[in-house]
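Please read the structure below before turning to the comments.
The values are calculated or read from the model by the stated rules, or taken from the named source; none is laboratory data. Here the structure is a predicted model, which means the values were calculated and not measured. Glycine also receives a Cβ, built like all others from the backbone with ideal geometry; neighbour counts cover every protein chain displayed. For the accessible areas, the whole protein counts, side chains as well, though only heavy atoms, and no ligand, DNA or RNA atoms are used. Shrake-Rupley method; radii C 1.70, N 1.55, O 1.52, S 1.80 Å.
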Amino acid sequence: MRLGVNIDHIATLRNARQINEPDPLFALEILKETQAEQVTIHLREDRRHITDFDAKRIIENSFLPVNIECSINPEIIEIICELKPHRATLVPERREEVTTEGGLDVIKFEDKIKKAIEKLNKNNIEVSLFIDPDFEQIKKSAALKAQMIELHTGKYANLHLALNTNINKTPFKVFENYDKSTLKKMLEDELILIKDGAKLANELNLEVAAGHGLNYQNVKEIASIKEISELNIGHSIIANSIFIGLKEAVERMIRLIN
Ligand code: PXP
């Protein structure tokens, strides 16, 4: 299991002060001391965390492959082709969202995605599609000849929070109107969808990653799915690094997923 560490939120913290620290570039030196195998960054259209300048410096200086998450907006695809990361993960983006909510609809946006894949591949950038664990989306991703998919684990993660933490006593409620037994069944069903989706994708020759909302409490069940070969994890690792340091936060996650 490969771990991609998403370092966007180092830039979120920097941008809160609109100065030059903490610099996400410094994370590369620390990741070098760990078994992390990929750096992941999201160049959002509103540039709310990682900027073009960050992306350029990270790609130029990283000893690890860089996976850039980005929208399918042609202007963004153009920028990614110039930046030349090893991979682009195409995600849906809405300006008003707090974080990526739901997977990319590869059926609805088939034509736009096809063009983006062709252009990125022509520039030697492999393409992963961030989709929900939905069979039709997976089949379409294979038909579009993406190299890889990343299964959105956000619903799984939120169900896990609702069931196992006091999140619904905080202002940030998730699945608050469900009783425990319903939540338990929904969590089991979502896990089955992720497992079956990963299996189908492998059968269709797609490599499978997973990510979003994964943390130290919920990661093991996803990491044990043998068809999944990569996890991209950001928020929880960066959040924990405040208390235990980035190196230990990454190493703890690697111990859990292997
Ligand atoms: N994978 C993708 C495609 C994402 O968009 C994100 C969030 O930027 C992540 C993984 C990481 O999610 P989290 O920060 O919740 O670990």
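Could you tell me whether segment 198-221 includes any residue that is among the aliphatic types (A, V, I, L, M), away from the ligand (no atom under 16 Å from the Cβ) and under 29 Å from Lys139 (Cβ atoms)? Quick ask: steps written out before the conclusion?
Taking segment 198-221 first, the residues among the aliphatic types (A, V, I, L, M) are 198, 200-201, 204, 206, 208-210, 214, 219.
Of the ones still in play, those that are also away from the ligand (no atom under 16 Å from the Cβ) are 200, 204.
Those still in the list that are under 29 Å from Lys139 (Cβ atoms) too: 200, 204.
For segment 198-221, residues among the aliphatic types (A, V, I, L, M), away from the ligand (no atom under 16 Å from the Cβ) and under 29 Å from Lys139 (Cβ atoms): present.
Please work out if Arg94 is outside any helix (DSSP H, G or I) and surrounded by fewer than 21 Cβ atoms within 10 Å (Cβ to Cβ). Explain how you work it out, then say what you get.
Details: outside any helix (DSSP H, G or I): yes; surrounded by fewer than 21 Cβ atoms within 10 Å (Cβ to Cβ): yes.
Yes, satisfied.
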query: From Lys220, Lys184, Lys139, Lys226, which residue is exposed (fewer than 13 other Cβ atoms within 10 Å of the Cβ), among the charged types (D, E, K, R) and over 18 Å from the mean Cα position of the chain (by Cα)?
result: Lys226
query: Can you name the condition, by its number, that Leu187 falls short on among (1) under 21 Å from Thr40 (Cα atoms); (2) away from the ligand (no atom under 16 Å from the Cβ); (3) part of a helix (DSSP H, G or I)?
result: (1)
- request: Give just the number: which of (1) surrounded by fewer than 19 Cβ atoms within 10 Å (Cβ to Cβ); (2) farther than 20 Å from Pro24 by Cβ does Ile244 not satisfy?
  value: (2)
field: Pairs with Cβ under 7 Å, 6+ apart, first in segment 213-229 and in contact (Cβ under 8 Å) with a residue 40 or more places away in the chain, second within 15 Å of the ligand (Cβ to nearest atom) and open to solvent by 40 Å² or more (accessible area, probe 1.4 Å)
entry: Gly213/Asn158; Tyr216/Arg252; Tyr216/Leu256; Ala223/Met1; Ala223/Leu256; Ser229/Met1; Ser229/Arg2; Ser229/Glu207
- prompt: Out of (1) more than 16 Å from the ligand (Cβ to nearest atom); (2) more than 17 Å from Lys122 (Cα to Cα), what's the single condition that is false for Ile79?
  reply: (2)
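For Lys114, indicate whether it is in a loop (DSSP other than H, G, I, E, B), in contact (Cβ under 8 Å) with a residue 12 or more places away in the chain and surrounded by fewer than 24 Cβ atoms within 10 Å (Cβ to Cβ).
Values: in a loop (DSSP other than H, G, I, E, B): no; in contact (Cβ under 8 Å) with a residue 12 or more places away in the chain: yes; surrounded by fewer than 24 Cβ atoms within 10 Å (Cβ to Cβ): yes.
When the stated conditions are applied, Lys114 does not pass them.
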- prompt: Can you find even one residue in segment 15-34 that is in contact (Cβ under 8 Å) with a residue 12 or more places away in the chain, of a type in the set (A, V, I, L, M), part of a helix (DSSP H, G or I) and more than 20 Å from Leu231 (Cβ to Cβ)?
  reply: yes
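Looking at segment 59-78, which of its residues are open to solvent by less than 10 Å² (accessible area, probe 1.4 Å) and in contact (Cβ under 8 Å) with a residue 40 or more places away in the chain?
Asn67, Ile77
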Complete set of residues in segment 63-85 that are assigned to a helix (DSSP H, G or I) and of a type in the set (D, E, K, R): Glu75, Glu78, Glu82
task: For residues that are surrounded by 18 or more Cβ atoms within 10 Å (Cβ to Cβ) and away from the ligand (no atom under 15 Å from the Cβ), tally how many sit in segment 1-19.
output: 1
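Would you be able to tell me the number of residues in segment 35-62 that are part of a loop (DSSP other than H, G, I, E, B) and touching a Lys or Arg at 6+ places or on another chain (Cβ under 8 Å)?
Going through segment 35-62, the residues part of a loop (DSSP other than H, G, I, E, B) turn out to be 35-37, 43-51, 62.
Next, only the ones that are touching a Lys or Arg at 6+ places or on another chain (Cβ under 8 Å) stay: 37, 45-46, 50.
Selection size over segment 35-62: 4.
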